[in-house]
Structure formats: structure tokens, C-alpha cells
1. Within region 69-80, is there a residue that is modelled with pLDDT under 90 and at positive phi?
2. Take the residues of region 183-201 that are modelled with pLDDT of 60 or more and crowded, with 16+ Cβ neighbours inside 10 Å: which is farthest from L160 (Cα to Cα)?
3. Quick one: which residue in A133, A102, A114 is under 20 Å from K206 (Cα atoms), free of Cβ contacts under 8 Å to residues at least 24 places away in the same chain and surrounded by fewer than 21 Cβ atoms within 10 Å (Cβ to Cβ)?
4. Which residue is modelled with the highest pLDDT, if the candidates are limited to region 165-182 and must be in contact with a Gly (Cβ under 9 Å, 6 or more places away or on another chain) and surrounded by 13 or more Cβ atoms within 10 Å (Cβ to Cβ)?
5. I need a count of the residues in region 95-136 that are closer than 17 Å to L57 by Cα, basic (K, R) and assigned to a helix (DSSP H, G or I).
6. Out of the residues in region 90-100 meeting the condition of being of a type outside the set (S, T, N, Q) and closer than 9 Å to S162 by Cα, tell me which one is farthest from the chain's Cα centre (by Cα).
7. Filtering region 30-68 down to residues that are among the small types (G, A, S) and part of a loop (DSSP other than H, G, I, E, B), which residue is surrounded by the fewest Cβ atoms within 10 Å (Cβ to Cβ)?
Amino acid sequence: MNRFRRNEPGMHLSANEFLDQLARRWVREAIDDLEQSAASAIRAEVAESFRAIKATLGSIGAAGVLRWCRRAALGQQVGTSVMLGNGLKQLLIAFAVLASEAGGDDVTVRGPSALEVGNRRIEALITCKLSGANRVRSRAYHRAVELANQNVIGESATFLVSGVVLGPLTDDPDPELDMTIGPTDREDLVAGSSAVRLSFISASEKASAA
């Protein structure tokens, strides 16, 4: 295996170690740059929540952060990085606003691409290019059904959506109040997971309140 020399005399890095350190630096610099550029533009309590989010993302390692971002991405173009895109920056600031609104509750990273603020799980969805509302809803629905099948979520899923979405993203109505949907049962072994209801939060609207 190729080995790379450390700065210290007589020490070396394996290729895996070198790439891990490179990824760590890349992730750290991207998030630090966002924190510094937003410092003078956001409220103190939002900045504090952002630091909590930064710390909890750091706890899963650089590779974990990159996977988290990639799985949240919709419409990512080959050769571009989600980490360096405006969609992720908008998303993280919006998450910080949500955390501050929750009164400083603990923030925890959840897979494949969600944050839990207090006891509220919020799925991350980053539109890397202009996307129609139907496409965004379809991606959200398929992820929600997958999570419901794994018993990760219950009867509903909330998505924080960043980037530009063409058309309105409306929440699913309560089936008890909508005769066009009819009754649904999450305990149904065949169709239970499809009963999950979607709700959406606009990251741009949340970020504007930072």
C-alpha cells in the first residue's frame, strides 16, 4: 500500500489515513467557513444552536458527515460537492433556527440524513438544482416509506427542504379529516408503511428568521 510521510520525522500515513485526514479537513473548513460568514448575520441564540449542530455532526466523523450530506441530496450533479453548495449552508442555518426555537434542546444526528431536535426527528432534503414539487415529494415519500418499514418513524415524517423548489410543497392532510384518502392503518402488514404522512418545512423561510 502506498504510504504518505507525516510532518513528523520518521512517521508515515497510509493512503486510508491520508484520505481520512483530508476529508476531515475538508468538512471542518466547509462548516467553519459557514459559521464565520454567518456570525455577524444571525442571532446569538441561533449561533449557539449552530455550534451544537456543528459538534454533533463532528461526532460522526468526516466520512459520516459526507454520507449524511450525500443521502440528503436530490439532483446532485456529477463532479459537484454537496458540502460546498449553498443548499447545505441554508439547511444547517435553518436547523439552527429550529433548534433555537425548541429552547436549546439537544441535537442528535440520525441516519440516513436527519437531525433530532429534542424528541422531534426532522429529515434533511437538499435540492441541488431547481426541482419540481412533485419530484421533491416523491423523494420524501419513498424515504419515509423506507424509514417506516424499518420502524425508524411512526405515522408521520417531517422534511426540512433547502434549495429552489418549483411549486408548493403542501403537508398531507389528516386522513380522518379527508374523505378522499380514507382510513389508514400503520399496523397493516401489507400497506401500513404507505400510510405515513408527510409535512414540509422550507429551509429558506427558516433561515430568513436567523
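1. Of all residues in region 69-80, those modelled with pLDDT under 90 come to 69-70, 75-80.
Imposing the further condition that a residue be at positive phi reduces the set to 75, 79.
Looking through region 69-80, at least one residue is modelled with pLDDT under 90 and at positive phi.
2. Looking at the filtered set, the residue picked out is A195.
3. Numbers: A133 fails: free of Cβ contacts under 8 Å to residues at least 24 places away in the same chain; A114 fails: surrounded by fewer than 21 Cβ atoms within 10 Å (Cβ to Cβ).
Matching residue, one of A133, A102, A114: A102.
4. Kept after step one, since they are in contact with a Gly (Cβ under 9 Å, 6 or more places away or on another chain), are these residues of region 165-182: 165-167, 175.
Applying the additional criterion that residues be surrounded by 13 or more Cβ atoms within 10 Å (Cβ to Cβ) yields 165, 175.
Details: V165: 95, P175: 60.
Among residues in region 165-182 that are in contact with a Gly (Cβ under 9 Å, 6 or more places away or on another chain) and surrounded by 13 or more Cβ atoms within 10 Å (Cβ to Cβ), the one modelled with the highest pLDDT is V165.
5. 0
6. Of the residues in region 90-100, the ones of a type outside the set (S, T, N, Q) are 91-99.
In the following step, the residues that additionally are closer than 9 Å to S162 by Cα were identified as 91, 94.
Numbers: L91: 7, A94: 10 Å.
Going through the qualifying residues, I end up with A94.
7. Within region 30-68, the first condition is being among the small types (G, A, S), and the residues that meet it are 30, 37-41, 44, 47, 49, 52, 55, 58-59, 61-64.
Subset that is part of a loop (DSSP other than H, G, I, E, B): 39-41, 59.
On the way: A39: 11, S40: 7, A41: 10, S59: 10.
Residue satisfying both the conditions and the ranking: S40.
The values are calculated or read from the model by the stated rules, or taken from the named source; none is laboratory data. It should be emphasised that the depicted structure is a prediction, and the values quoted were computed from it without experimental measurement. Don't worry about glycine lacking a Cβ; one is built from the backbone with ideal geometry, like all the others, and counts go over all protein chains shown.
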